[in-house]
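First up is the structure itself, then whatever we jot down about it.
The values are calculated or read from the model by the stated rules, or taken from the named source; none is laboratory data. Predicted model only: the values in this text are computed from it and were never measured. Don't worry about glycine lacking a Cβ; one is built from the backbone with ideal geometry, like all the others, and counts go over all protein chains shown.
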Amino acid sequence: MAAMLKVDSLGISFGGLKAVDNFNVEIEKNELYGLIGPNGAGKTTVFNLLTGVYQPTSGQIVLGDDNITGLDCEAISKKGIARTFQNIRLFSQLSVLDNVKVGLHNRHEYSTLDGIFRTPKFRKIEREMDEKALSLLKVFDLDGFCNYKASNLPYGQQRKLEIARALATDPKLLLLDEPAAGMNPNETEELMNTIRLVRDKFDMTILLIEHDMKLVSGICDRLTVLNFGQVLKQGQTQDVLHDPEVVKAYLGD
Amino acid sequence: MDKVIAEKKKITRSNLITFAMVIIAYVIVEIMINTGNVSSLFKGLLVPLCIYSILAVSLNLVVGISGELSLGHAGFMCIGAFASSTWSMIMKSTSMPEGLRFFIAIVIGAVTAAFFGFLIGIPVLRLKGDYLAIVTLAFGEIIKNLVNALYFGIDANGLHFSLEDSMHLNMDGGTIIIKGAQGITGTPKNSNFTIGVILLLIVLFIVLNLINSRTGRAVMAIRDNRIAAESVGLNATKFKLLAFTISAAIAGVGGVLYAHNLSSLQALPKNFGYNQSIMILVFVVMGGIGNIRGSVVAAVVLTVLPELLRGLSDYRMLIYAVVLILMMLCTSAPSWIQYRERIMMSFGKNKKVNGKESN
């Protein structure tokens with residue numbers, strides 16, 4: 001099977017500090033891949049490199065057949081990487097529906113003038129966007145809340161909305177940054193089902209950062225462990241989790 | 001889908017109410033004028049009412065929708081005023097029909113202001129919050145002072161500019177149009193209440209439709225969370241610049257109305273200075289940030305009120321300041337909010353008690 005994402009000796013330095021160094025990963029299509037490591041290991045930095053928030057100082061990133069190294073956020077989103085954030089970042093003043101419609105922005109286009117003069121094209125595409133957004137919300141059982149302000153949703157549903165918004169950009173690869181942070185065991189269980197559902201329903205490749213080992217061992221096919229900006233271990237989930245070095249990195253000597 | 005359609009209808013209705021309010025107000029005033037119930041003082045206020053409403057809507061696009069505090073809007077108004085007024089002065093002696101001349105003047109005012117808005121927006125929109133406010137404030141003042149020092153004339157050899165005095169124009173006959181601090185005198189008086197209301201309606205149409213479209217959503221998304229907006233593929237700079245440019249163009253239209261309402265136009269601090277910018281901001285804040293209809297209402301109320309309290313007009317800015325502080329306290333200070341809630345609670349309780357009694 002062809003690799004969906006191929007990262008080759010990726011690195012970034014902030015001044016003298018090598019936050020991520022020589023990071024390699026290959027993710028197959030339709031795989032659920034986990035990225036774990038102690039706090040400060042550089043996991044989110046890897047996400048920021050993949051999505052163009054930071055420009056890497058070395059290495060390259062290939063998505064499908066495209067080399068996307070050095071592109072900015074906008075271009076990378078168009079190439080097909082979408083993400084969620086560790087601390088939820090919704091468009092808090094917009095409605096739940098509009099949050100998803102912003103995600104659809106680059107997939108359903110009409111010009112500003114079409115919008116001002118309410119042309120037939122505007123009406124047609126707005127209707128398409130409404131239908132698409134609602135069908136996405138339905139997957140996450142959020143369609144009943146479509147007119148709510150995003151900031152008024154409960155925490156767990158805000159997480160789901162963030163995933164729905166990311167999926168609206170029609171990505172090839174979905175990055176989830178600590179999706180289970182702040183959730184109780186029941187909510188985590190539900191989230192695991194949601195993530196599996198997303199993978200199967202949208203035929204999605206998913207890379208996720210997580211501290212909750214129950215979630216990681218429950219759904220990830222393979223893992224990479226990051227420590228001090230470097231890859232500590234890579235392989236099948238169960239092998240990696242029982243590796244003495246990994247245990248040591250997490251629990252100390 | 002039903003819920004979505006219901007929500008859309010709600011927005012459409014709300015927009016229609018805004019248009020209806022303006023039109024009804026216009027009809028009432030026209031009837032009052034025709035029956036002779038309007039004092040000359042109030043008649044003189046009609047065009048300024050439209051001007052300030054337009055400016056308030058324009059600034060609300062930046063402050064409320066785009067989420068950036070701009071304190072330089074009087075500067076864009078100044079550009080619109082002088083650009084259009086210059087055009088009208090040049091064309092005054094030709095046989096161009098007055099209506100067409102004024103229409104082109106409006107377009108020129110809007111386009112010139114938009115151009116400067118775009119130019120200023122490029123460096124300024126890299127900044128955020130207070131810093132952006134300070135820099136736009138400075139740009140507003142720079143524009144006003146530049147225009148105040150500008151000499152501009154036209155003769156058989158073409159256009160002449162100078163920033164020193166009219167001698168440096170090296171004119172060969174011809175006419176001097178902008179005379180530095182004396183500004184432009186003799187601008188044709190084309191503005192009237194009807195045109196003002198029509199322009200206000202057009203501006204409302206553009207802004208309200210813009211907000212409820214793909215572009216408006218993108219601008220608001222960037223306001224709410226720039227990082228997330230970029231992660232879904234929005235170009236934050238582009239949309240911020242777009243909103244800022246459109247806002248500048250609308251402010252320019254306000255300036256055109258202003259210039260063609262008075263026969264003499266000067267770039268005085270009173271007209272286009274800091275206080276003017278702050279006053280527009282006061283309209284926006286009082287009307288509710290992001291609330292377009294509120295901006296119009298606030299602009300009208302706060303323009304009419306000082307005139308009704310003419311005896312106190314010296315204290316106008318003082319009253320503004322006090323009102324602003326009171327508003328902010330009322331809406332954000334925890335102790336005031338508690339106090340308000342207590343009052344609301346006591347009302348609520350009374351209702352409940354009454355309800356029980358009636359049972």
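For the reader, a short list of remarks on this structure follows.
- Pairs are defined by a Cβ separation below 6 Å, a sequence spacing of at least 6 or placement on different chains, a first member in the stretch A:19-44 that is free of Cβ contacts under 8 Å to residues at least 24 places away in the same chain, and a second member that is hydrophobic (A, V, I, L, M, F, W, C) and assigned to a strand (DSSP E or B); the pairs so defined are A:GLU26/A:ALA3.
- Residues in the stretch B:195-231 that are among the hydroxyl-bearing types (Ser, Thr, Tyr) and either touching a residue at least 60 places away in the same chain (Cβ under 8 Å) or over 23 Å from B:ALA110 (Cβ atoms) (or both): B:SER231 only.
- For the stretch B:214-229, taking the residues that are closer than 18 Å to A:LYS78 by Cα and surrounded by fewer than 22 Cβ atoms within 10 Å (Cβ to Cβ), the one that is farthest from the other protein chains (Cβ to nearest Cβ) is identified as B:ARG226.
- Residue within the stretch B:127-134 that is part of a loop (DSSP other than H, G, I, E, B) and more than 21 Å from B:GLY252 (Cα to Cα) present: yes
- Identification of helices (runs of 4 or more DSSP H) wholly contained in the stretch A:76-173 with 3 or more residues that are among the basic types (Lys, Arg) and farther than 22 Å from B:LEU242 by Cα yields A:120-139, A:155-168.
- A count restricted to the stretch B:250-263 and to residues that are surrounded by fewer than 24 Cβ atoms within 10 Å (Cβ to Cβ) and aliphatic (A, V, I, L, M) stands at 1.
- Only one of the listed residues (A:GLY103, A:GLY156) is within 11 Å of chain B (Cβ to nearest Cβ) and not β-branched (Val, Ile, Thr). That residue is A:GLY103.
- B:ALA149 among the hydrophobic types (A, V, I, L, M, F, W, C) and either in contact with a strand residue (DSSP E or B) (Cβ under 7 Å, 6 or more places away or on another chain) or in contact (Cβ under 8 Å) with a residue 40 or more places away in the chain (or both): no
- Residue-level check: of (1) among the hydrophobic types (A, V, I, L, M, F, W, C); (2) without any contact (Cβ under 8 Å) to a residue 24 or more places away in the chain; (3) in contact with a helix residue (DSSP H, G or I) (Cβ under 6 Å, 6 or more places away or on another chain); (4) surrounded by fewer than 23 Cβ atoms within 10 Å (Cβ to Cβ), B:LEU234 misses just (4).
- Residue check, B:ALA251 at the interface with chain A (Cβ under 7 Å from one of its Cβ atoms) and among the hydrophobic types (A, V, I, L, M, F, W, C): no
- Some residue of the stretch B:161-180 being more than 14 Å from every other protein chain (Cβ to nearest Cβ), of a type outside the set (A, V, I, L, M), surrounded by 19 or more Cβ atoms within 10 Å (Cβ to Cβ) and farther than 19 Å from B:PHE102 by Cβ: yes
- Matching residues, the stretch A:214-247, being within 20 Å of A:VAL198 (Cβ to Cβ) and surrounded by fewer than 19 Cβ atoms within 10 Å (Cβ to Cβ): A:LYS214, A:SER217, A:GLY218, A:ASP221, A:ARG222
- Residues considered: B:ILE198, B:ILE211. Of these, the only one that is within 14 Å of another protein chain (Cβ to nearest Cβ) and either surrounded by fewer than 22 Cβ atoms within 10 Å (Cβ to Cβ) or not aromatic (Phe, Trp, Tyr) (or both) is B:ILE211.
- From the options B:LYS43, B:LYS3, residue that is part of a helix (DSSP H, G or I) and closer than 28 Å to A:ASN99 by Cα: B:LYS3
- Yes/no for A:GLY59 being of a type outside the set (S, T, N, Q), under 24 Å from A:ILE163 (Cβ atoms) and surrounded by 15 or more Cβ atoms within 10 Å (Cβ to Cβ): no
- Tally, over the stretch A:62-93, of residues that are at the interface with chain B (Cβ under 8 Å from one of its Cβ atoms), touching a helix residue (DSSP H, G or I) at 6+ places or on another chain (Cβ under 6 Å) and buried (at least 19 other Cβ atoms within 10 Å of the Cβ): 6
- Candidate set: the stretch B:274-301, residues that are in contact with a helix residue (DSSP H, G or I) (Cβ under 6 Å, 6 or more places away or on another chain) and not hydrophobic (A, V, I, L, M, F, W, C); chosen: the one surrounded by the fewest Cβ atoms within 10 Å (Cβ to Cβ): B:GLY288
- Matching strands (runs of 3 or more DSSP E) fully within the stretch A:199-243 where at least 3 residues are among the hydroxyl-bearing types (Ser, Thr, Tyr): none
- Against the list (1) at negative phi; (2) out of contact with any Ser or Thr (no Cβ under 8 Å at 6 or more places or on another chain); (3) of a type outside the set (Phe, Trp, Tyr), the condition A:ARG159 fails is (2).
- Condition check for A:THR205: within 11 Å of chain B (Cβ to nearest Cβ), surrounded by 15 or more Cβ atoms within 10 Å (Cβ to Cβ) and over 20 Å from B:GLU7 (Cβ atoms): no
- Condition check for A:ASP200: modelled with pLDDT under 95 and within 18 Å of the chain's Cα centre (by Cα): yes
- When B:THR86, B:THR94, B:THR18 are screened for being away from chain A (no Cβ under 14 Å) and touching a strand residue (DSSP E or B) at 6+ places or on another chain (Cβ under 7 Å), only B:THR86 passes.
- In the set B:ILE33, B:ILE23, B:ILE28, B:ILE5, only one residue is of a type outside the set (D, E, K, R) and within 14 Å of chain A (Cβ to nearest Cβ); that residue is B:ILE5.
- All strands (runs of 3 or more DSSP E) inside the stretch A:1-71 with 3 or more residues being more than 12 Å from A:LEU207 (Cβ to Cβ): A:3-14, A:17-28, A:58-63
- A single member of B:GLY80, B:GLY75, B:GLY64 is part of a helix (DSSP H, G or I), surrounded by 20 or more Cβ atoms within 10 Å (Cβ to Cβ) and within 14 Å of another protein chain (Cβ to nearest Cβ), and it is B:GLY64.
- Test: B:GLY36 is modelled with pLDDT under 95, exposed (fewer than 11 other Cβ atoms within 10 Å of the Cβ) and more than 30 Å from A:GLU126 (Cα to Cα): yes
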